[in-house]
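The values are calculated or read from the model by the stated rules, or taken from the named source; none is laboratory data. Treat the numbers as computed from the prediction; the structure is a model and nothing was measured. All Cβ positions, glycine included, derive from the backbone under ideal geometry; neighbour counts span all protein chains shown. To get the accessible areas, we keep the full protein, side chains included, count just its heavy atoms, and leave off ligands, DNA and RNA. Shrake-Rupley method; radii C 1.70, N 1.55, O 1.52, S 1.80 Å.
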Amino acid sequence: MQILDGKKTSEEIKLEIKAEVDEIRRKGGKIPHLAAILVGSNGASMTYVNSKIKDCEEVGFKSSLIKLSDTVSEKELLRKIRELNADEDVDGFIVQLPLPQHIEEKKVIKTIKPEKDVDGFHPENVGKMALNLPGFLPATPYGIIQLLQRYNVDTTGKHCVVVGRSHIVGLPMSILMGRNAYPGNCTVTLTHSRTVNFKEICRSADILIVALGKPNHITADMVKDGVVIVDVGITRVPDTSKKAGYRIVGDVKFDEVAPKCLFITPVPGGVGPMTRASLLKNTLLASKR
Ligand code: NAP
């Protein structure tokens, strides 16, 4: 069993990005600039956005954080997005999700200029991904692809089972793993809450990518020997022994499943840091364009 170490790999990627930024600075070029809009004061969202800003500092990017109250109107948020679309200094930006209920997420995503959509959620970027055209890949699937690539995980001809069909993880992951590319060229099964024979399907997976958000849901009896597992799940489980009062748990029961695996990602330290590194990669790409 080998760990797909997202923490280590993301550090390597960040060093590569930093080297490129140092070179841009040396030549007097424009420093990549990522902006983030945070609506409200959701604890997890605040943590995620702060980490993204910290990552920017680490690699030498410029960053801006725009904090809006959770009572901000949809109209005002869209106005702010249009302002960032027009701001020539901003190469890419994100609107941290989820948004308050009175704001329509789809409308927000569609308002972001596709050339600055470094989260890769705009329909134009999703379409480009499906057609294998250059665009921005959503950060989490892009991070998983890079992790598989850097560990030379064999994907061609394998049966890849994706658990969960969210627009940000499961669905794009299923498209990428089925593409005529490496990593890819898999035979893909996309599963969700209505899937019948779920256990049997999981057991037939050579590669199992799990993004459902239910801690420890995948157990040893649900996977075959020699499987490659990517655990995307992040759930905060109350834990009074921790300073934060919680610990992070994945969707896979790691201790009992890991011995059966060829490769597996840990939680934390697997997909999470790769997602963050991918946002930086997309921002660098946006600034080059
Ligand atoms: P989501 O929008 O909550 O969707 C969950 C998916 O799981 C849905 O498609 C749902 O099916 C499916 N599902 C629920 N119960 C199921 C079951 N018993 N069997 C099979 N499928 C089932 O998911 P998400 O936003 O992709 O997030 C999933 C997890 O990944 C969460 O823990 C989230 O925090 C984490 N996450 C981590 C990262 C990272 O960087 N590591 C990034 C994003 C998300 P239906 O469609 O039928 O409802």
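Brief remarks follow.
- The set of residues from segment 212-253 being touching a Phe, Trp or Tyr at 6+ places or on another chain (Cβ under 9 Å), of a type in the set (A, V, I, L, M, F, W, C) and open to solvent by 30 Å² or more (accessible area, probe 1.4 Å) comprises just one member, 237.
- Among the residues of segment 51-86, those that are touching a strand residue (DSSP E or B) at 6+ places or on another chain (Cβ under 8 Å) and either within 19 Å of residue 18 (Cα to Cα) or free of Cβ contacts under 8 Å to residues at least 24 places away in the same chain (or both) comprise 52, 53, 56, 57, 61, 62, 63, 64, 76.
- Filter result for residue 39 (open to solvent by less than 60 Å² (accessible area, probe 1.4 Å) and more than 15 Å from residue 118 (Cβ to Cβ)): yes
- Boolean, residue 148 is closer than 22 Å to residue 280 by Cβ and not in a helix (DSSP H, G or I): no
- Candidate set from segment 130-140 (those that are assigned to a helix (DSSP H, G or I) and within 16 Å of the ligand (Cβ to nearest atom)); member that is nearest to the chain's Cα centre (by Cα): 140
- Residue in segment 159-168 that is within 21 Å of the chain's Cα centre (by Cα), open to solvent by less than 40 Å² (accessible area, probe 1.4 Å) and more than 17 Å from residue 224 (Cα to Cα) present: yes
- Every test in (1) open to solvent by 10 Å² or more (accessible area, probe 1.4 Å); (2) in contact with a Pro (Cβ under 8 Å, 6 or more places away or on another chain) is passed by residue 101 save one, and that test is (2).
- Complete set of residues in segment 193-211 that are farther than 17 Å from residue 3 by Cβ and open to solvent by less than 60 Å² (accessible area, probe 1.4 Å): 195, 198, 201, 202, 204, 205, 206, 211
- Qualifying residue in segment 272-286 (condition: assigned to a loop (DSSP other than H, G, I, E, B) and either open to solvent by 20 Å² or more (accessible area, probe 1.4 Å) or away from the ligand (no atom under 11 Å from the Cβ) (or both)): no
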